[in-house]
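Working notes for the structure below.
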Amino acid sequence: MKKTMLVATILIATYAISTASVISQQETIEPVQQNDQTHPKKEKSIDWFQLILSIGYLGGVFVAFPLVLYTNIKEKIQQPDSLSPVTQQLSEELRNQKTAEILAAIDEKLTIITNDDGQEWITITNGRQAKFVKFGLDYINKHLQPTDETLVNRVKEFEEVYNERTKRIFTGSKWVLGCAIGLGVLFFFLGGISAFFFIHLLGIIFYFLASRTPIYVIEKRMKYFGTTPGLINTIITTLLVAEGTKYYVKHGSGPWQRDYETELSNSMATLLILFVVAMLIGFCIALLGLLNAIANYFSSYILPTENEEKWYFKNFNPALA
């Protein structure tokens, strides 16, 4: 009886998975009723699964992904290069003066931390501070290049603080990546390289980049939330633990014996559930990436319209820009 129910469950689940995409694309066909008020027209129901996929792939891959990618490319501090013709007209004294002004503004913008020994030091604790330091140092390295040794050392100190505090570490779920990659491989073998396969691949890359969290954000989350595992990790770990459960049976006064039939039935059911869960997680890769992008990049996005010259014009005397 158990085997029969298990086989029926597998057949039903397989059929449901294979036809889910087809059903989600079908339109509700309403019968045409002319001059018949006894059969009111039914309203279309919302396909929530299709809506979630649309939000994830459209909002994630086509909107947030370019911003995340651009931010990752532009987050590094620009290194000194040849001065622009306009900057070459400035005297060495004026360039050092402007540098000191920018460094003082950066120092004032950062957060002061007091350690256990009572010593104070400054650090970056949010994305706005990180962008302020980044554009300030970019302007100094690209347009000023001070010669005063004290100012040069101070610039290097701020660069070290910036590089250390804005370093990004992957904090996403490896289970999510594994499920999405597995789903992509399944798509490839079933339909080859298609448009959706390419979009799904971009969704995987987007999730990885969106899940890279700066150190200052990680510290805040550790402070308020600790190191609790994520929801998806908890679900899959629970299923794997359940899959390893052993069962014993006793007949009359005889010894306890392993119930391999029950273990096999439960293992097959658990694997089926894992397969379905993995499919759902794989489809939601872009949506999860979008949520991570909002959490990890909300205050530190660098837009193509932003640069160090506009930053200087906004924060300092435009006449000196």
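The values are calculated or read from the model by the stated rules, or taken from the named source; none is laboratory data. These numbers were taken from a predicted model, which means no experiment stands behind them. Heads up, the Cβs are rebuilt from the backbone with ideal geometry, glycines too, and the neighbour counts pull from every protein chain shown. For accessibility, only protein heavy atoms count, side chains too; no ligands or nucleic acids. Shrake-Rupley method; radii C 1.70, N 1.55, O 1.52, S 1.80 Å.
Per-structure values
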| quantity | calculated |
| --- | --- |
| For the range 131-146, Karplus couplings with θ = phi - 60° (6.51, -1.76, 1.60), whole Hz, Gly/Pro x | 5, 5, 5, 4, 5, x, 5, 4, 5, 5, 5, 8, 10, 10, 6, x |
| Summed side-chain charge close to Leu144 - residues other than Leu144 whose Cβ falls under 13 Å, Lys, Arg +1, Asp, Glu -1 | -4 |
| Rounded percent of accessible protein surface that carbon and sulfur make up, the range 185-228, 1.4 Å probe | 75 percent |
| P(r) weight above 23 Å for the range 48-148, C-alpha pairs, percent | 51 percent |
| Average Cα contact separation per residue, the range 66-151, under 8 Å, 6 or more apart, as relative contact order % | 46 percent |
| Other-chain or far-sequence residues with amide H under 5 Å of Thr213's (modelled H) | Ile169, Phe170, Thr171 |
| Relative contact order %, the range 97-138, counting alpha carbon pairs below 8 Å whose residues are six or more apart | 35 percent |
